[in-house]
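Note sheet for the following structure.
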Amino acid sequence: MPTLRSTRLRITDKEDLHEAMFLRGWSDGLPLVPPTESRVRRMLHGTTRSASEALGKCPPMYSEVTVEKVAINAVLAGCEPKQLRVVLAATEAMLAEPFNLHGVSATTMGATPCVLVNGPARLDAGLNTGLGALGSGTRANASVGRVLKLILQNVGGAQLGGTESTTLGTPMKFTLCVAECEEELSSGWEPFHCSRGFNRGDSAVTVLAVTSGPHQLVDFSTREALQLCDLLAGILSAVYNPTLTMINECLVVISPEHHRTLVRGGINSKAALCDALWHLCNRQINLQLHKTVRLVVPGLAGTVVGAVVGLIGRLINLTGAVLVYSLLRHWRSLIKVYSLLTWRNKKLRKFVSPESLHVIVAGASAGKFSAVCPGFGIGVPPMSTARLSQAVTVAVESPLPGAAGMPESTGTSTGADGERDESVLLDPTGELQAPPFWPQERSPMLAEGGVALLDISKAGGSVILSRIGKLLQGEFPGIQTHCFRKPTFSRPAPPSLLCEIAMRCRYVIIAMAD
């Protein structure tokens with residue numbers, strides 16, 4: 001029996017059990033399952049990994065995430081033991097450096113983790129791949145996606161209004177877990193994790209950041225692959241906003257009926273679909289070039305240049321349309337004409353490359369509805385907005401020997417002596433909690449130490465900091481100000497930069513945000 005190290009919290013008879021969990025800040029706003037010791041131990045039957053094994057550190061407090069803490073939060077979320085293997089893999093993916101959980105959680109843009117599950121683990125965990133695959137109604141999907149948010153909140157210490165600054169938010173922040181309907185895939189259409197270096201029979205979890213959606217394509221009559229791809233490209237070309245280009249990632253969920261339409265039309269692989277969508281998105285962007293140029297080039301010059309470039313874009317679209325519909329059998333080759341401008345100027349691409357599109361097939365067998373969810377990041381390095389988050393794929397632990405005997409749920413809770421232990425809960429939080437922040441009064445000796453002005457690399461930040469520097473110099477003659485810039489606003493400052501600031505400056509203006 002594993003040793004559980006989490007603090008035991010006793011709920012008194014005067015407290016309502018469920019309200020007590022709310023008051024302690026454990027909830028995402030919805031009711032929770034009490035994490036009693038017996039429930040957590042039953043949850044741990046879902047893995048062979050040690051309860052004390054560390055999976056990584058969770059921002060913003062960078063508390064250590066152990067298998068035990070994951071199990072406690074999985075109980076809170078309503079998971080069953082058979083889902084724990086998937087949850088552990090998703091947690092490891094979320095904590096990986098390329099995913100940048102700190103930036104995903106903190107952004108005003110409303111980004112949130114999306115969990116994609118492939119392989120036999122989908123069925124072992126009871127995940128829904130069909131009817132309503134993106135929605136409510138299935139315990140496994142709802143609870144698996146929910147655990148990640150609870151870990152971020154409880155172990156990492158992220159709090160709305162604290163480090164989580166989302167302007168509008170999204171229901172996807174509660175949960176978003178989808179399993180691919182691999183049984184519907186035709187020959188040539190491989191499961192998503194195969195594009196990430198895994199074999200078809202492997203089980204893997206991919207976590208990617210999504211910022212909005214699902215944006216649903218409503219289609220009542222499409223029978224041709226070209227027409228369907230053009231409609232999908234229309235949805236894709238408008239994500240973020242119609243004038244923004246070079247988006248890094250986007251999830252594309254194709255319904256089984258649309259999948260069959262594409263295959264009949266000669267789209268024999270996901271790579272072929274991504275290539276077609278990429279070129280057709282550029283066709284849509286050609287129609288917006290006059291607006292895009294005016295955003296970059298101000299005044300009359302922008303209007304004139306935008307009009308000229310926009311005219312070129314429309315001429316390319318007209319040429320492409322004539323070629324495509326005159327030689328319809330070769331449309332997949334001819335649509336490359338729409339990307340003529342992107343060959344000379346990569347900044348005019350809607351998505352960085354066809355590989356920016358992550359395609360899965362899911363949903364009910366009948367219904368002409370597909371959807372897209374844009375990712376988090378725009379541009380190419382060294383742009384500060386590039387690769388703010390990248391999808392991460394992690395293998396799922398092999399099935400447990402004798403998994404058929406695994407407890408089905410974490411239901412009624414009893415202690416070792418057979419008595420109900422509902423009143424004693426295991427603490428789901430991390431060992432590091434955010435301290436209260438008290439701004440200090442301005443020191444009258446400010447002029448005696450250098451002042452660092454740290455630009456977090458957001459647009460306009462350097463302008464504001466420059467004005468602050470001039471105001472300081474006017475009030476404190478002789479003061480030394482030093483300007484620093486983070487490589488990207490989405491990640492913590494590199495240790496080397498923090499050391500340089502500490503060595504050169506006594507004071508620092510630490511943040512300029514939205």
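The values are calculated or read from the model by the stated rules, or taken from the named source; none is laboratory data. Just so it is clear, the structure is predicted and the values come from calculations on it, not from any experiment. Every residue, glycine as well, gets a Cβ built from its backbone with ideal geometry; the counts of neighbours run over all protein chains shown.
Within segment 6-46, the set of residues being assigned to a loop (DSSP other than H, G, I, E, B), at pLDDT 95 or above and touching a helix residue (DSSP H, G or I) at 6+ places or on another chain (Cβ under 7 Å) comprises Ser6, Trp26, Ser27, Asp28, Pro31, Leu32, Val33, Pro34, Pro35, His45, Gly46. Only one entry in Asn199, Asn154 is of a type outside the set (Phe, Trp, Tyr) and without any contact (Cβ under 8 Å) to a residue 12 or more places away in the chain, namely Asn199. Looking only at residues in segment 299-351 that are surrounded by 13 or more Cβ atoms within 10 Å (Cβ to Cβ) and of a type in the set (S, T, N, Q), the one that is farthest from the chain's Cα centre (by Cα) is Thr319. When each of Ala371, Ala386 is tested for being in contact (Cβ under 8 Å) with a residue 12 or more places away in the chain, over 26 Å from Ser457 (Cβ atoms) and not assigned by TED's automatic domain parsing to the domain that holds Ala238, the lone residue that passes is Ala371.
For the condition touching a residue at least 12 places away in the same chain (Cβ under 8 Å) and surrounded by fewer than 20 Cβ atoms within 10 Å (Cβ to Cβ), what is the one hit in Leu131, Leu88? Residue meeting the stated conditions: Leu131. Just to be sure, is Leu55 among the aliphatic types (A, V, I, L, M), touching a residue at least 12 places away in the same chain (Cβ under 8 Å) and part of a loop (DSSP other than H, G, I, E, B)? So Leu55 does not fit the description; no. Just name the residue that is modelled with the lowest pLDDT out of those in segment 466-480 that are part of a helix (DSSP H, G or I) and either hydroxyl-bearing (Ser, Thr, Tyr) or more than 43 Å from the chain's Cα centre (by Cα) (or both). If we take residues in segment 466-480 being part of a helix (DSSP H, G or I) and either hydroxyl-bearing (Ser, Thr, Tyr) or more than 43 Å from the chain's Cα centre (by Cα) (or both), then Glu475 is modelled with the lowest pLDDT. If you go through segment 63-109 and keep only what is hydroxyl-bearing (Ser, Thr, Tyr), at pLDDT 95 or above and not in a helix (DSSP H, G or I), you end up with Ser63, Thr66. Residues considered: Ala321, Ala272, Ala307. Of these, the only one that is hydrophobic (A, V, I, L, M, F, W, C), in the same structural domain as Gly234 (by TED's automatic domain parsing) and either touching a residue at least 40 places away in the same chain (Cβ under 8 Å) or touching a Ser or Thr at 6+ places or on another chain (Cβ under 7 Å) (or both) is Ala272.
Given Glu249, Glu190, Glu182, which one is within 30 Å of Thr385 (Cβ to Cβ) and touching a residue at least 12 places away in the same chain (Cβ under 8 Å)? None of the others qualify; the one that does is Glu249.
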